[in-house]
Amino acid sequence: MPAPDLDTIVSLAKRRGFVYPSAEIYGGFANTYDYGPLGVELKRNIRDAWWRSMTRERDDIVGIDAALISNPKVWVASGHVATFNDPLVDCKKCHQRFRLDHIEEGQYGPAQRDAAGNLLCPNDQGELTEPRLFNLMFKTQVGPVAHEDATAYLPPETAQGIFINFENVLTSTRRKLPFGIAQTRVSFRNEITPGRFIFRTLEFEQMEMEYFVMPPKDRENPAEYLALYEEWVQERLNWYINTVGISPERLRIRPHDPAELSHYSVGTSDVEYLFPWGWGELEGIACRTDFDLTQHGQLSGHPITYFDEETNTHVVPWVIEPAAGLNRTLAVTLLEAYTEEPDEKGDKRIVLKFKPNIAPVKVAVLPLSKNEKLRPAARRVYDLLRPSWMTQYDETQSIGRRYRRQDEIGTPLCVTVDFQTVGEDGQPGDDAVTIRERDSQEQTRVPIANLLQALRDKLPGC
Ligand code: ATP
């Protein structure tokens, strides 16, 4: 099925409790969203899947969780204070503000120019101001007195918390190169471009890993380093396909042009997804060389190195960084999972076909009807499943409508308790329940005694 349009997803996300526009009672707040009961589960499941793939399925990566607000020199060393700038232009007619590179890239449709070749406003073809640089970092003040020395920054990326802890991790874990340090946490950027739902927001979660390796023998020709970088690019692409369940035909790898590369980088590729408005970045895999560790070593006066026992020398490791966005991935899971099918009555059945490991709710326990006789058995099944999976209990409305509700939030399995389970007219029940599968709508009868195992088999990786 072709991807749905964005409005369909935005409205379902709000209706069902995935994502709400923030502060709606005050008229909202640009580029800011809140996550509802299902959104918070979905986000957690994607984050956990990433964390598991980095720190549990591999034995060469460890995790950390560094402070968000820290010494401002961190951002001087990283270059963010001096250069984390985007050229901005304002329209002289409608007064909307745009990132110049976004107009040029065609993010608002084909770029339009006047007769002299100057770019025009994508909104109303008005004249644009000269570009001005604008730092994307949010500032704050630490301590009781507001003066320049008290300025601190909200982190615009996750990586620096890892670099400044490289030596701590090295000595406390006795790691040998190569090894990685992973971190997931919120980052902040003063984004002014209208955000397209949760694609571009003021605060967002990143899932980043810095993989430290021995520096190449020849800086100008780091063949082994580049080969490992290519491996990471493939590994990350495969994660989106196999773990998150994104269709390969809507994913691509886009290597950066040399002109696009950061001055220290010898290669960067983005994993991109075909959003309803075109290709957009989900993750960047960057060769950051020894830039960050060297910078922190110089500015702090405390060189950050690794002792190579083979050559008896101190070296500065090189780094490969896969940096992914959790919120953009969440938007993609909604776009990818959304399916409309005709049901047996010719009506529309909306199904979110999440992979079970990503689905916010794994099982719904549904008594056939709201009936005193069914409730004790249904509650017993609910209590049995809750310790193992995120489970919902629902006894309101007809069973057909309740199946639809679960389909629409992507619950892979429903367990139905009926009169055959509990017995009727003095006849004993069979103490069995029906498992109904979301995608095929197939139903299987299973004794409650075997239910946990039967569900486990149907919920791999959950
Ligand atoms: P873009 O070019 O789209 O602004 P970027 O290249 O600046 O992104 P990185 O610094 O490489 O992004 O950050 C890594 C990932 O973090 C991105 O691939 C994206 O998934 C996510 N990300 C970055 N900025 C935002 C944002 N404002 N809102 C949501 N996610 C973001």
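The values are calculated or read from the model by the stated rules, or taken from the named source; none is laboratory data. Predicted model only: the values in this text are computed from it and were never measured. We place every Cβ from the backbone using ideal geometry, glycine too, and count neighbours over all the protein chains shown. In case anyone asks, the SASA skips ligands and DNA or RNA and just uses the protein heavy atoms, side chains included. Shrake-Rupley method; radii C 1.70, N 1.55, O 1.52, S 1.80 Å.
Out of (1) in a helix (DSSP H, G or I); (2) modelled with pLDDT under 95; (3) not polar (S, T, N, Q), the odd one out for L330 is which?
Against the list (1) in a helix (DSSP H, G or I); (2) modelled with pLDDT under 95; (3) not polar (S, T, N, Q), L330 comes up short only on (2).
Could you please find all residues in region 404-460 being open to solvent by less than 70 Å² (accessible area, probe 1.4 Å), in a loop (DSSP other than H, G, I, E, B) and small (G, A, S)?
G410, G423, G429, S440
List every residue pair whose Cβ atoms sit under 8 Å apart, with the two residues 6 or more apart in sequence or on different chains, where the first one lies in region 379-395 and is in a strand (DSSP E or B) and the second, anywhere, is open to solvent by 60 Å² or more (accessible area, probe 1.4 Å).
From residues that are in a strand (DSSP E or B), the pairs are Y393/R379.
Contact list please: Cβ distance under 8 Å, first residue in region 196-211 and over 17 Å from L42 (Cβ atoms) and of a type in the set (A, V, I, L, M, F, W, C), second residue outside any strand (DSSP E or B) and within 7 Å of the ligand (Cβ to nearest atom), pairs at least six apart or on different chains.
L202/R189; L202/E191
For region 309-327: of the residues being more than 15 Å from the ligand (Cβ to nearest atom) and assigned to a strand (DSSP E or B), which is farthest from the chain's Cα centre (by Cα)?
Checking each candidate, the answer is T313.
Of all residues in region 245-286, count the ones that are within 13 Å of the ligand (Cβ to nearest atom) and out of contact with any Leu (no Cβ under 7 Å at 6 or more places or on another chain).
Matching residues across region 245-286 total 19.
Quick one: would you say L228 is open to solvent by 30 Å² or more (accessible area, probe 1.4 Å) and in contact (Cβ under 8 Å) with a residue 12 or more places away in the chain?
Here the answer is yes, as L228 does meet what is asked.
What number of residues within region 333-358 are open to solvent by less than 80 Å² (accessible area, probe 1.4 Å) and either assigned to a loop (DSSP other than H, G, I, E, B) or not acidic (D, E) (or both)?
18
Exactly one condition in (1) in a helix (DSSP H, G or I); (2) within 14 Å of the ligand (Cβ to nearest atom) is not met by F134; state its number.
Of everything listed in (1) in a helix (DSSP H, G or I); (2) within 14 Å of the ligand (Cβ to nearest atom), F134 misses just condition (1).
Does any residue in region 156-178 that is touching a residue at least 40 places away in the same chain (Cβ under 8 Å) come within less than 8 Å, Cβ to Cβ, of a residue that is assigned to a loop (DSSP other than H, G, I, E, B) and of a type in the set (V, I, T) six or more places away or on a different chain, and which pairs are these?
G161/I64; I162/I64; F163/I304; N165/I64; F166/I304; E167/I304; V169/I64
Filter region 12-39 for residues that are outside any loop (DSSP other than H, G, I, E, B) and open to solvent by 60 Å² or more (accessible area, probe 1.4 Å) and give the result.
If the condition is that a residue be outside any loop (DSSP other than H, G, I, E, B) and open to solvent by 60 Å² or more (accessible area, probe 1.4 Å), then K14, R15, R16, Y20, E24, I25, Y26, Y33, D34, P37 are the ones that fit.
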